[in-house]
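The values are calculated or read from the model by the stated rules, or taken from the named source; none is laboratory data. All figures in this text were calculated on a predicted structure; none of them were measured in a lab. Heads up, the Cβs are rebuilt from the backbone with ideal geometry, glycines too, and the neighbour counts pull from every protein chain shown.
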Amino acid sequence: MLPLALALALTAAPVDPARCELDGVAARIAQLKARRMAGEDVGRELRRLLVRAQELAAQLEKDRPAAPLPPAPPGADELREGADALHDEVDRLVRELSALEGRIAAERGAAVQPVPATTAVAAGEPAAVRALREERAKLAARVEALRAAAEALESEARAAEREP
């Protein structure tokens, strides 16, 4: 049991003396408030402790490390790299769309004739073809979203280059 307690004590975060004192003062204030509720006159000591608690809280606030600065916005090169990565993903999805077109054509038993993703689904289509067309529509929407995101990054990169 002792080794466990020792290990916990050694790995515990350092304790701030002002924090320890504030905890003690808070406990004492709670005791004095209870005594005051019971009718005792503890006003002077309670006021003294309340003032000390405010002083300690102000000291702790002052001693608290400043919040870290937010990271610097990405530079133009980083933004372009992000846009390039999005373009690479678009290219991959376009290849996937092309393969999907082939699967749709094979399912329909027709020659490869791309049909726009926005074409309405025919009521008499087999379920497999409908599922593939729905998948194609989702991929096409994803491609457009990625293209828009890439364009936004490229626009930010251009703006970053103009800033001093």
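Would you pick out the residues in the range 134-164 that are among the basic types (Lys, Arg) and free of Cβ contacts under 8 Å to residues at least 12 places away in the same chain?
Just the residues of the range 134-164 that are among the basic types (Lys, Arg), to begin with: 136, 138, 142, 147, 158, 162.
Those that are among the basic types (Lys, Arg) and free of Cβ contacts under 8 Å to residues at least 12 places away in the same chain: 138, 162.
What do you reckon, is residue 82 in contact (Cβ under 8 Å) with a residue 12 or more places away in the chain and in the same structural domain as residue 134 (by TED's automatic domain parsing)?
So residue 82 passes the test.
Yes/no per residue for (1) surrounded by 10 or more Cβ atoms within 10 Å (Cβ to Cβ); (2) in the same structural domain as residue 144 (by TED's automatic domain parsing):
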{"position": "41", "(1), (2)": "no, no"}
{"position": "52", "(1), (2)": "yes, no"}
{"position": "89", "(1), (2)": "yes, yes"}
{"position": "96", "(1), (2)": "yes, yes"}
{"position": "108", "(1), (2)": "yes, yes"}
